[in-house]
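Trainee: Questions regarding the structure given below will be posed in turn.
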Amino acid sequence: MGHGTRAMRILITGSSGHLGEALVRELKSLGHEPIGIDRLDAPTTTVVASITDRTEVARAMAGVDAVIHAATLHKPHVATHSKQQFIDTNVTGTLTLLEEAVRQRVGSFVFTSTTSAFGMALRPDRPSEAVWVSEELAPIPRNIYGVTKTSAEDLCQLVAAEHGLPCIVLRTSRFFPEEDDMKHAMPDYDDANIKASEYLYRRVDIADIVSAHMLAIERAAELNFDRFIISATTPFVQSDCAELIGNAPAVVKRYCPEYEQVYERLGWRMFDTIGRVYVNARARQKLRWQPRYDFAHVVAALAAGESPLSPLAQAIGAKGYHRE
């Protein structure tokens, strides 16, 4: 975690998934002992079991210093899983983990949530300006995924208050390498074009997510409970929001004029309108998080003919979503 801190034993839920694998790799490289639990077997998973199985959870959690709870049914699962399955995994599973963490006196609990939790709050009826999304914005879940993630966040807050278990909630923005779920609405855009532009307002590299989780473990005892938005640092300021709706390319050009030449060479274009901006200022201030992968980095990498992704993101590649 910080320099000179002792090696820790850390339980990672969802260890066969994207973020789970990234966390296990990073913890091992830092000399910690990750214990992975997932329903699917993988080289990064120690215990093949569901987080709803209290006996298996209790066994996996024995002697751990911290829990990183990344296991979840995701937004794409809304089409394939019932509401009850979402509640069983995302709500009951989280409660099981929290209760066991209290019982076994675990030092800190980090919950991986999502900016999808904001839901309908991200799409006002008459958008005259982009939504400035900070932790102050109240979530209005738009589907069962959002409902279960906000419920799980509230359980973390409740258990922190009732039992003194330090809990940090990290609302991560999109980081998956799979084709964008809105690609059908943007047929004129190359998938890589979409992802590059999203670093301006709604995407984050997995290496930066991992570093935020490490800091959350380190700072949890001091903060007791908190929620943070984990997204690439936007160049925009709040006064840009009206112009972002009407003429996003002009705003981007002010902050990163070199993007135009790079995009032109690739046959890409900037979105005409940007409707929301995720703001990570609080995480940078209170967690002392220093994300490295932003839009300026992406443009510089593309200009140099290099991948804009971190070495960690490149190493993990695409996995798709678990069917189960």
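Trainee: When the residues of segment 63-92 are filtered to those that are touching a strand residue (DSSP E or B) at 6+ places or on another chain (Cβ under 9 Å) and assigned to a loop (DSSP other than H, G, I, E, B), which remaining residue is modelled with the lowest pLDDT?
Mentor: Ranking the candidates gives H74 first.
Trainee: Only residues that are within 13 Å of K149 (Cα to Cα), touching a residue at least 60 places away in the same chain (Cβ under 8 Å) and of a type in the set (S, T, N, Q): list them for segment 80-110, please.
Mentor: Result: N90, T94.
Trainee: Those residues that are in a helix (DSSP H, G or I), surrounded by 18 or more Cβ atoms within 10 Å (Cβ to Cβ) and of a type outside the set (A, V, I, L, M), I need them from segment 93-124; list them, please.
Mentor: Passing the criteria: G93, T94, T96, E100, T115, S116, F118.
Trainee: Further question: Among the residues of segment 113-127, is any touching a residue at least 12 places away in the same chain (Cβ under 8 Å) and in contact with an Asp or Glu (Cβ under 8 Å, 6 or more places away or on another chain)?
Mentor: yes
Trainee: Among the residues of segment 268-303, which ones are more than 21 Å from T115 (Cα to Cα) and either charged (D, E, K, R) or part of a helix (DSSP H, G or I) (or both)?
Mentor: Answer for segment 268-303, where residues must be more than 21 Å from T115 (Cα to Cα) and either charged (D, E, K, R) or part of a helix (DSSP H, G or I) (or both): R269, D272, A296, H297, V298, V299, A300, A301, L302, A303.
Trainee: G31: under 18 Å from V102 (Cα atoms) and either surrounded by fewer than 22 Cβ atoms within 10 Å (Cβ to Cβ) or modelled with pLDDT under 95 (or both), yes or no?
Mentor: no
Trainee: Considering only segment 304-316, how many residues are over 18 Å from D191 (Cα atoms) and not in a loop (DSSP other than H, G, I, E, B)?
Mentor: Qualifying residue count, segment 304-316: 4.
Trainee: Taking the stated definitions as given, is S197 crowded, with 21+ Cβ neighbours inside 10 Å, at pLDDT 95 or above, among the small types (G, A, S) and more than 15 Å from the chain's Cα centre (by Cα)?
Mentor: yes
Trainee: Within segment 190-218, work out how many residues are without any contact (Cβ under 8 Å) to a residue 60 or more places away in the chain and not hydrophobic (A, V, I, L, M, F, W, C).
Mentor: The total comes to 4.
Trainee: Return the residues of segment 183-214 that are among the acidic types (D, E), in a helix (DSSP H, G or I) and more than 19 Å from V133 (Cβ to Cβ); say none if nothing qualifies.
Mentor: Listed by number, the list holds a single entry, D191.
Trainee: Please enumerate the residues belonging to segment 219-254 that are surrounded by fewer than 21 Cβ atoms within 10 Å (Cβ to Cβ), touching a residue at least 12 places away in the same chain (Cβ under 8 Å) and outside any helix (DSSP H, G or I).
Mentor: Scanning segment 219-254 gives N224, F225, R227, P235.
Trainee: Looking at T55, is it out of contact with any Pro (no Cβ under 8 Å at 6 or more places or on another chain) and either under 22 Å from N90 (Cβ atoms) or not in a helix (DSSP H, G or I) (or both)?
Mentor: Against the criterion (out of contact with any Pro (no Cβ under 8 Å at 6 or more places or on another chain) and either under 22 Å from N90 (Cβ atoms) or not in a helix (DSSP H, G or I) (or both)), T55 qualifies.
Quick grid of which residues meet (1) at pLDDT 95 or above; (2) under 17 Å from S231 (Cβ atoms):
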{"site": "R103", "(1), (2)": "yes, no"}
{"site": "F111", "(1), (2)": "yes, yes"}
{"site": "F118", "(1), (2)": "no, yes"}
{"site": "R123", "(1), (2)": "no, no"}
{"site": "E129", "(1), (2)": "no, no"}
{"site": "E135", "(1), (2)": "yes, yes"}
{"site": "I140", "(1), (2)": "no, no"}
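Trainee: Considering L137, L158, which residue is free of Cβ contacts under 8 Å to residues at least 24 places away in the same chain and in a loop (DSSP other than H, G, I, E, B)?
Mentor: L137
Trainee: Moving on to the next point. Quick check on segment 146-155: of everything there that is touching a residue at least 60 places away in the same chain (Cβ under 8 Å) and within 18 Å of I230 (Cα to Cα), which residue is surrounded by the most Cβ atoms within 10 Å (Cβ to Cβ)?
Mentor: Of everything passing the filter in segment 146-155, K149 is surrounded by the most Cβ atoms within 10 Å (Cβ to Cβ).
Trainee: Considering only segment 138-167, how many residues are basic (K, R) and closer than 15 Å to T112 by Cβ?
Mentor: Summing the residues that are basic (K, R) and closer than 15 Å to T112 by Cβ in segment 138-167 gives 1.
Trainee: Could we say that R54 is surrounded by fewer than 23 Cβ atoms within 10 Å (Cβ to Cβ), modelled with pLDDT of 95 or more and not hydroxyl-bearing (S, T, Y) here?
Mentor: Yes, satisfied.
Trainee: Please identify the pairs in which a residue from segment 168-188 that is buried (at least 16 other Cβ atoms within 10 Å of the Cβ) has its Cβ atom under 6 Å from the Cβ atom of a residue that is modelled with pLDDT under 80, counting only partners at least 6 apart or on another chain.
Mentor: Partner pairs satisfying both residue conditions: P177/A318.
Trainee: Follow-up question, since we're still on this one. With the requirement that a residue be touching a Lys or Arg at 6+ places or on another chain (Cβ under 8 Å) and surrounded by 24 or more Cβ atoms within 10 Å (Cβ to Cβ), what does segment 204-218 give you?
Mentor: V204, D208
The values are calculated or read from the model by the stated rules, or taken from the named source; none is laboratory data. In this text, all values refer to a predicted model and were calculated from it rather than measured experimentally. For neighbour counting, all protein chains shown are included, and Cβ atoms are generated from backbone atoms with ideal geometry for every residue, glycine included.
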